[in-house]
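Comments concern the structure below.
The values are calculated or read from the model by the stated rules, or taken from the named source; none is laboratory data. It should be emphasised that the depicted structure is a prediction, and the values quoted were computed from it without experimental measurement. With ideal geometry, Cβ positions are generated from the backbone for all residues, glycine too; neighbour counts draw on all protein chains shown.
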């Protein structure tokens with residue numbers, strides 16, 4: 001299903017006119033979706049993925065989707081103000097045209113599984129916001145879900161077969177923050193959801209992306225995604241296009257831009 005159709009089916013907005021204009025705009029685009037699980041407030045993804053110095057074979061996304069159940073770094077209050085700013089490459093980025101989203105129970109089964117988290121449900125958990133971010137000369141469409149990653153993946157991307165064109169796998173929180181489950185399961189999911197471009201921290205590349213995932217890792221995959229994962233490849237052949245120095249707070253990450261090899 002196209003992303004615009006799935007979003008319209010799964011979510012409604014309190015400010016319906018803003019939401020409708022966005023859906024119409026997305027419907028007229030290529031609908032390339034960039035997804036960043038466990039994003040925190042790392043909105044540098046916008047500038048990195050829209051960088052004009054990318055290799056010629058790279059194509060830019062049409063929408064950014066962020067998810068993180070925790071409000072440790074950014075909260076629903078930041079979006080409720082609507083006219084506010086977020087950090088981007090050590091400068092402020094103004095957000096506008098913000099509206100809160102509500103899941104449609106008929107098409108999206110919202111559920112918070114505390115087993116996958118380190119801190120449990122927080123004040124912002126369960127909320128979601130569409131917003132535009134003014135980046136350079138044009139606005140960028142974004143959605144921030146304060147949802148647990150597995151719920152968003154299983155109920156939106158997998159259930160409605162929404163492709164992820166760009167994946168950002170930088171920090172999963174399993175040993176560095178608020179997550180209690182490693183993101184190895186992103187490999188077979190992205191294999192089936194036709195992901196082309198991967199922004200992967202070098203330690204994940206060397207550990208998982210570079211070689212097939214070992215069979216015993218499947219026992220640690222989320223049960224909500226098990227059936228989908230069991231029928232998916234556990235390895236994606238890729239080429240390294242670029243090495244990116246991507247800082248986040250006090251962390252300095254080396255991120256590899258990978259492109260799926262053409263079949």
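The table for this structure:
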{"read-out": "Some residue of region 142-150 being more than 14 Å from the chain's Cα centre (by Cα) and at pLDDT 95 or above", "value": "no"}
{"read-out": "Identity of the residue in region 159-182, more than 11 Å from the chain's Cα centre (by Cα) and at pLDDT 95 or above, that ends up surrounded by the fewest Cβ atoms within 10 Å (Cβ to Cβ)", "value": "161"}
{"read-out": "Scan of region 231-255 for residues that are at pLDDT below 80, assigned to a loop (DSSP other than H, G, I, E, B) and out of contact with any helix residue (DSSP H, G or I) (no Cβ under 8 Å at 6 or more places or on another chain), ordered by number", "value": "249, 250"}
{"read-out": "Enumeration of residues in region 183-218 that are assigned to a loop (DSSP other than H, G, I, E, B) and at pLDDT 70 or above", "value": "193, 194, 195, 196"}
{"read-out": "Residue 110 being surrounded by 19 or more Cβ atoms within 10 Å (Cβ to Cβ), farther than 19 Å from residue 141 by Cβ and modelled with pLDDT of 85 or more", "value": "no"}
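So that you can scan it fast, the table gives a plain yes or no per residue for (1) touching a helix residue (DSSP H, G or I) at 6+ places or on another chain (Cβ under 9 Å); (2) closer than 22 Å to residue 71 by Cβ; (3) free of Cβ contacts under 8 Å to residues at least 60 places away in the same chain:
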position: 108; (1), (2), (3): yes, yes, no
position: 112; (1), (2), (3): yes, yes, yes
position: 116; (1), (2), (3): yes, yes, no
position: 134; (1), (2), (3): no, no, yes
position: 143; (1), (2), (3): yes, yes, no
position: 156; (1), (2), (3): yes, yes, no
position: 181; (1), (2), (3): yes, yes, no
position: 195; (1), (2), (3): yes, no, no
position: 200; (1), (2), (3): yes, no, yes
